Amino acid sequence: MVNEYIKANEQRFLDELFDLLRLPSISADSRYKADVRKTADVVRMRLLEAGADRVELIETKGHPIVFGQKTIDATKPTVLVYGHYDVQPPDPLDLWKSPPFEPTVRDGKIYARGSCDDKGQFYMHIKAFEILMRLKLLNCNVKFMIEGEEEVGSDNLPAFVKQYREHLKADAILISDTALISLEQPSITVGLRGLSYMEVEVTSANRDLHSGVYGGAVANPINVLCQMIAGLHDANGRITIPGFYDQVMTLSDAERQSLNAAPFDLNEYKNELGITEVTGEAGYTTLERTGIRPTLDCNGIWGGYTGEGAKTVLPSKASAKISMRLVPNQTPDQIAELFRQHFIAIAPPTVRVKVTPHHGGFPAVTPTTSKAYQAAEQAFVDVWGKKPIPTRDGGSIPIVALFKNELGLDTVLMGFGLDSDALHSPNESYGIRNFLIGIETIVRFYHHFGKT
Ligand code: BES
Ligand code: MN
Ligand code: MN
């Protein structure tokens, strides 16, 4: 019955998703503020059409949160679905094979910004909900919280979660915003890394100088900044910030073994990325480097002349954006402070340094013993014929720790994307097959969860 419904409505499901993908809901760029709100309105309307009783846009200091619910029986358990309707900026634009906000299907994949992260994924939940309503299969209560600031750090969420505690009361959180191992081997994410994001500025002279007249005698902030950044790792790929690893939880040999038992082909990984060698902290595998170890990366760097041709200039300033991915039990504020102190300490006396923390987020580990996890596992077994493997993903979803700490709720990270979907990159995509089988698996999740 469920399958027939999906088949009969497949084209409409996709058309509706495409309408969402056409809206440039770029939360980071204030020029798109109206489009972000329009997207929230469309999500609201789709939830109502699917059968929600009440859907509202809840205002925050930033972009609104879409909150909807369907109560069938107050004595039954409640699932709270979280997702985000905002997307990353699409640049660099010239690298897109088709325009980022004109969804285009090639080889069974939908190419568009947000197709996988997270519009295509949260929309599966709205369609699964529609199916449960139309086929009268819904056997528990459902709430939806689809926010518009995930890609900029969800700064207004802590206040929202505190204020709307009652609204958010639930028995389990369900999120599709992560990746599967592959379409052949399903997985459920049980770990996410945290984040500490910093911006640094190095200043030398009080103005740009002629690089011939002053070069060699006055510090070049770009040269200095590069040296400082390079020094943040040692020869073993370890981060040199004093105290950085102090709180890091070490895993037992058995835990590491099971993590490394997941199917992973290093050659395929390298080929897909066009690299000949991987890198990272000595003594750890690639899965461990992205799953259970903290990292530090420069995300952007600028200064001086970057226009066409050559300009001989010794710039006054140079800047960089640096992110650190955290693991249990590191805390974003503490790591930000360690970074700040260290970055100032290693600056030579020839320059002045400014360090500004941006957003952060706590790491999270979710249990495999919860009723919701068991229901998700069983749903995969039913639909995929295979037990999903628990995996640790390298990305961050700050609300997972917030739900746990503020509401005491465990999350199930039932994502259907693939690492090759190019999230945050040009030509982001989401497989139509992933979208449809995701809907089917989510419907099956409710079948098992509602029984408990
Ligand atoms: N959906 C991603 C996180 C993700 C991607 C988790 C792949 C697991 C696998 C999410 O939208 C995201 O990009 N989060 C940001 C964090 C945020 C604080 C800006 C991230 O990880 O950079
Ligand atoms: Mn996401
Ligand atoms: Mn993202």
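Of Ile126, Ile131, Ile146, all but one fail to be over 26 Å from Gly408 (Cβ atoms), within 22 Å of the chain's Cα centre (by Cα) and open to solvent by less than 10 Å² (accessible area, probe 1.4 Å); the exception is Ile126. Residues that are of a type outside the set (Gly, Ala, Ser), open to solvent by 10 Å² or more (accessible area, probe 1.4 Å) and more than 11 Å from ligand 1 (Cβ to nearest atom) within segment 398-435 comprise Leu402, Lys404, Asn405, Glu406, Leu407, Leu409, Asp410, Pro426, Asn427, Ile432, Arg433, listed in sequence order.
When each of Asp117, Asp94, Asp171, Asp107 is tested for being within 16 Å of ligand 3 (Cβ to nearest atom) and in the same structural domain as Ala52 (by TED's automatic domain parsing), the lone residue that passes is Asp117. Each residue in segment 53-100 was checked for being of a type outside the set (Asp, Glu), under 24 Å from Val161 (Cα atoms) and either within 16 Å of ligand 1 (Cβ to nearest atom) or open to solvent by less than 10 Å² (accessible area, probe 1.4 Å) (or both), and 18 of them qualify. Condition test on Asp117, is it out of contact with any Ser or Thr (no Cβ under 9 Å at 6 or more places or on another chain), of a type outside the set (S, T, N, Q), within 16 Å of ligand 1 (Cβ to nearest atom) and closer than 23 Å to Ala372 by Cα? Yes: the conditions hold for Asp117.
Which residues, counting only those in segment 329-342, are more than 16 Å from ligand 1 (Cβ to nearest atom) and closer than 28 Å to Asp393 by Cβ?
Taking segment 329-342 as the starting set, the residues that turn out to be more than 16 Å from ligand 1 (Cβ to nearest atom) are 329, 334, 337-342.
Answer for segment 329-342, where residues must be more than 16 Å from ligand 1 (Cβ to nearest atom) and closer than 28 Å to Asp393 by Cβ: Asn329, Gln334, Glu337, Leu338, Phe339, Arg340, His342.
Counting just the residues of segment 18-32 that are touching a helix residue (DSSP H, G or I) at 6+ places or on another chain (Cβ under 8 Å) and in a loop (DSSP other than H, G, I, E, B), which one comes out surrounded by the most Cβ atoms within 10 Å (Cβ to Cβ)?
Narrowing segment 18-32 to residues touching a helix residue (DSSP H, G or I) at 6+ places or on another chain (Cβ under 8 Å): 19-21, 23-28.
Retained after the next criterion (residues that are in a loop (DSSP other than H, G, I, E, B)): 23-25, 27-28.
Working: Leu23: 23, Pro24: 20, Ser25: 27, Ser27: 25, Ala28: 13.
In this case the residue turns out to be Ser25.
Residues in segment 77-88 that are away from ligand 3 (no atom under 11 Å from the Cβ) and not aliphatic (A, V, I, L, M) were compared, and the one that is nearest to Val412 (Cα to Cα) is Tyr82.
Would you check which residues across segment 405-419 are touching a helix residue (DSSP H, G or I) at 6+ places or on another chain (Cβ under 6 Å) and either of a type in the set (Lys, Arg) or within 26 Å of Asp107 (Cα to Cα) (or both) and list them?
Residues of segment 405-419 that are touching a helix residue (DSSP H, G or I) at 6+ places or on another chain (Cβ under 6 Å), as a first pass: 406, 409, 411-412, 414, 416.
Residues satisfying the conditions are Met414, Phe416.
If we scan segment 302-323, do we find a residue that is more than 16 Å from ligand 3 (Cβ to nearest atom), assigned by TED's automatic domain parsing to the domain that holds Gly215, within 25 Å of Ala282 (Cα to Cα) and buried (at least 19 other Cβ atoms within 10 Å of the Cβ)? Within segment 302-323 (the criterion being more than 16 Å from ligand 3 (Cβ to nearest atom), assigned by TED's automatic domain parsing to the domain that holds Gly215, within 25 Å of Ala282 (Cα to Cα) and buried (at least 19 other Cβ atoms within 10 Å of the Cβ)), the answer is yes, since at least one residue qualifies. Among the residues of segment 38-94, write down those that are of a type in the set (S, T, N, Q) and touching a residue at least 24 places away in the same chain (Cβ under 8 Å). Across segment 38-94, the qualifying residues are Thr39, Thr60, Gln69, Thr71, Thr78, Gln88.
The values are calculated or read from the model by the stated rules, or taken from the named source; none is laboratory data. Note that the structure is a prediction, hence the values are computed from the model and not measured. Please note: Cβ atoms are built from the backbone with ideal geometry, for glycine as well, and neighbour counts cover all protein chains shown. Heavy atoms of the whole protein, side chains included, go into the accessibility calculation; ligands, DNA and RNA do not. Shrake-Rupley method; radii C 1.70, N 1.55, O 1.52, S 1.80 Å.
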